[in-house]
Amino acid sequence: MLFQIPQEFDLQIEKSEISPVELELRVEIPAEEMAKRVEEMLSEVASKAVVPGFRRGHVPRKIIWQRLSEAITADAVEKSLQDYYKAALKEAGIEPVSPGTMDDVGYKSGQPLVFKVTVEKAPDFELPNVSDVSVELEEPRISEEDVLEAIDHLRENQAILTPTDEPIGEDSVLTVDLQELDPSGVAIIGRAQRDIQIDMRRNPLGKDFAGRVIGAKEGAHVRLTLSTDARSEKDKSASTLDIEVKSVRRKELPPFDDDFAASMNPNTPTAQALKDDMRRSLSARAHALARRKMHNQLIERLLRMVDFPVPPRMLDEHLERIARAALGEEKDGDSVKPEQVEQLKQLKEEYRAMAIRSIRWHFLRQKFVTVHGLEASDEDLQCEFEALAQTTGKLPSEIESSKSAKERRHDLHEALTDRKLFAFLERHAKVIPVPVDLATLEGRGPQRIVMP
């Protein structure tokens, strides 16, 4: 049953601040209003009640009240709480950022309904002055070596692997078994990896491994000590591996010529055309990465310029979602397996700093968007749909009405809003161009084997 809240009805609300992001509302519904609601609920029940000796809907209200007064009153109170909880928030001008909690509910016949609600709100703070922010924008230079290296990757993807009895060389691809050993040289149970492919051109095990296996043949055994990745610096340690070379294959790359270029892309009929296309592709990718890095700098600088608390329940819920996702438990309502409780707790602690940063940026971003009118408009969305239509050959109406477009409309709206926000921030911040090479931009480093 749906109750109507009278427009002239004046809620009695007492608002008090628990913290800068938490409010408590004491809400009182007058006795007359509650009596009316209980009476409406009684009429609803009476119209459907079936009692032996009486026709359906003709049971005397007195009999129904004698039998069901407690249930009728409880239902009226429950529905009133739902209605007036929302009305109280609206009346008090509060937009909660997480689900509120309700307690101290009290009602007796002939008396007002009283309850308390604790809700979290967005923190209050002043926007920082963006003109005080300085960030670096890396300007990547794409060298001839970068282009040739990228083309070599294409050639390697088309390479032919041929089994060979010849000694291992820099153009070999090995199939190996890795077994981790304890300090005494005994194999550790459960710490083995089988049939691992190692391309000697990329060699993730480093120069020491290369120096030991180049010139050896299939069946060779190598013992190697190397660092293993860990979650923190203090957990990093040296591991000793016993490596068995199970097979050796020779990698033969196709020549880089016009035929190869045409096979990669019909729009690049010559080797030079493929190089030019690759340079443009690398440049576009590198400049996009440079801009993302600058945006992260902007976020960090701006967050350091404001100080406000994070709503605790909002943080708890965010951490719960992150930790469950990391465990593969997507649904919040599902109970966690007993053996996962401690793991969930550890994941929450591990992701806490990241979650706090994410929520703080959410509020700062929201305020920038609101104050400076940076929300993506329907016109912005329409222009994006038209651009998608041009690339897909479909009509804008087809793109917009498709199921996939409807599902990602919110994500597209947020992406366009971000685009407008960062354009605004870039215009007002001090952006310092810094020339860099591609390797520096991408932060390339030596690869390492990560043992399970």
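In region 324-344 there is at least one residue matching the filter, namely being touching a residue at least 24 places away in the same chain (Cβ under 8 Å), within 15 Å of the chain's Cα centre (by Cα), surrounded by fewer than 17 Cβ atoms within 10 Å (Cβ to Cβ) and not assigned by TED's automatic domain parsing to the domain that holds PRO20. Hey, does region 107-114 have a residue that's closer than 29 Å to VAL306 by Cβ, crowded, with 16+ Cβ neighbours inside 10 Å, hydroxyl-bearing (Ser, Thr, Tyr) and in the same structural domain as GLU70 (by TED's automatic domain parsing)? For region 107-114, residues closer than 29 Å to VAL306 by Cβ, crowded, with 16+ Cβ neighbours inside 10 Å, hydroxyl-bearing (Ser, Thr, Tyr) and in the same structural domain as GLU70 (by TED's automatic domain parsing): absent. If the condition is being over 24 Å from LEU81 (Cα atoms) and either β-branched (Val, Ile, Thr) or outside the structural domain of THR73 (by TED's automatic domain parsing) (or both), then region 29-55 contributes VAL50, VAL51.
On the basis of being part of a loop (DSSP other than H, G, I, E, B), over 30 Å from GLN272 (Cβ atoms) and outside the structural domain of ALA31 (by TED's automatic domain parsing), does PRO96 make the cut? For PRO96, the condition - part of a loop (DSSP other than H, G, I, E, B), over 30 Å from GLN272 (Cβ atoms) and outside the structural domain of ALA31 (by TED's automatic domain parsing) - is not met.
Residue-level check: of (1) under 12 Å from SER247 (Cβ atoms); (2) surrounded by 12 or more Cβ atoms within 10 Å (Cβ to Cβ); (3) not basic (Lys, Arg), PRO163 misses just (2). Residue count for region 48-93 satisfying the condition of being out of contact with any Lys or Arg (no Cβ under 9 Å at 6 or more places or on another chain) and part of a loop (DSSP other than H, G, I, E, B): 8.
Residues checked against (1) under 38 Å from the mean Cα position of the chain (by Cα); (2) among the hydrophobic types (A, V, I, L, M, F, W, C); (3) surrounded by fewer than 16 Cβ atoms within 10 Å (Cβ to Cβ):
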{"position": "GLN12", "(1), (2), (3)": "no, no, yes"}
{"position": "VAL21", "(1), (2), (3)": "yes, yes, no"}
{"position": "ALA49", "(1), (2), (3)": "no, yes, no"}
{"position": "HIS58", "(1), (2), (3)": "no, no, yes"}
{"position": "ILE63", "(1), (2), (3)": "no, yes, yes"}
{"position": "ILE72", "(1), (2), (3)": "no, yes, no"}
{"position": "ILE94", "(1), (2), (3)": "yes, yes, no"}
{"position": "THR101", "(1), (2), (3)": "yes, no, yes"}
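Considering ARG292, ARG201, ARG280, the condition of being at pLDDT below 90 and either under 41 Å from the mean Cα position of the chain (by Cα) or loosely packed, with under 14 Cβ neighbours inside 10 Å (or both) is satisfied by ARG201 alone. Consider region 137-168 and keep the residues that are assigned to a helix (DSSP H, G or I) and touching a strand residue (DSSP E or B) at 6+ places or on another chain (Cβ under 9 Å). The one that is modelled with the lowest pLDDT is GLU156. Take the conditions at negative phi and not in a helix (DSSP H, G or I) and apply them to ALA376. Does it pass? Criteria met by ALA376. Evaluating GLY169 against the criteria (1) more than 21 Å from GLU252 (Cβ to Cβ); (2) out of contact with any Ser or Thr (no Cβ under 8 Å at 6 or more places or on another chain); (3) touching a residue at least 12 places away in the same chain (Cβ under 8 Å) leaves one unmet condition, (1).
The values are calculated or read from the model by the stated rules, or taken from the named source; none is laboratory data. Every value quoted in this text rests on a predicted model; they were computed, and no experiment measured them. In this analysis, Cβ positions are derived from the backbone assuming ideal geometry, glycine residues included, and neighbour counts consider all displayed protein chains.
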